[in-house]
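Okay, structure first, notes after.
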Amino acid sequence: MMGRVVAGGIVLAALIGGAAMWYLQVYGYYRDVALGQGSLDDGLTTIQLVDAAGEYVALDPQGFQGITSDSSPIRFRACMMLDDPDAAIAVAPPALNAEPLVAPFWFDCFDAVAIGTDIEAGRASAILAEENVVNGIDRVLAIYPDGRAYAWHQLNDTFKK
């Protein structure tokens, strides 16, 4: 009888721990990001591009939705509309090896699989918006001809040997 109680306690603790871990990974660490002057640390960000001369070109996106996490800078995702997508594509260099990272299921405006497929098929252009937005991490934008744009952070070659 005592063994059943101990085994039941272990199973119950594992279930509670697993549920807590799932919640924290999918919901707990994420928070909304708004447009404004600031950094991801204070919940504000600007969407800007760096041109060939190294100058910052600020974008004025509409309908911005963004999320990030304190636990990792590569958890940044954003969805927006651009008035002049061709101008943004002309300013920034293309992003080599652009691979959108999967967003939590509840952030439904960002579909990494569809964005990645569209980049590969040429239906969207991937540009390097900002190199080393955080040391070793670049901000990449996928821009569609109709003005839809999606942003994410991905690792660059800084720490690869």
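Assorted remarks:
- R75 loosely packed, with under 12 Cβ neighbours inside 10 Å and of a type in the set (K, R): no
- Of all residues in the range 146-157 being within 19 Å of F76 (Cα to Cα) and surrounded by fewer than 20 Cβ atoms within 10 Å (Cβ to Cβ), the one that is modelled with the highest pLDDT: R148
Results for (1) of a type in the set (D, E, K, R); (2) on the phi > 0 side of the Ramachandran plot, shown as yes or no for each residue.
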| site | (1), (2) |
| --- | --- |
| I89 | no, no |
| A95 | no, no |
| A103 | no, no |
| D108 | yes, no |
| D118 | yes, no |
| A124 | no, no |
| G136 | no, yes |
| A142 | no, no |
| A149 | no, no |
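- Looking only at residues in the range 132-145 that are over 15 Å from the mean Cα position of the chain (by Cα) and modelled with pLDDT of 95 or more, the one that is surrounded by the most Cβ atoms within 10 Å (Cβ to Cβ) is Y144.
- Scope the range 105-131; condition loosely packed, with under 13 Cβ neighbours inside 10 Å and over 14 Å from the mean Cα position of the chain (by Cα); matching residues: E120, A121, G122
- Subset of the range 107-147 (residues that are assigned to a loop (DSSP other than H, G, I, E, B) and either more than 18 Å from M80 (Cβ to Cβ) or in contact with a strand residue (DSSP E or B) (Cβ under 6 Å, 6 or more places away or on another chain) (or both)): F107, C109, F110, G122, A124, N135, G136, G147
The values are calculated or read from the model by the stated rules, or taken from the named source; none is laboratory data. As the structure is a prediction and not an experimental result, all values here were calculated from the model. Reconstructed Cβ throughout: ideal geometry from the backbone, glycine too, with neighbour counts over all protein chains shown.
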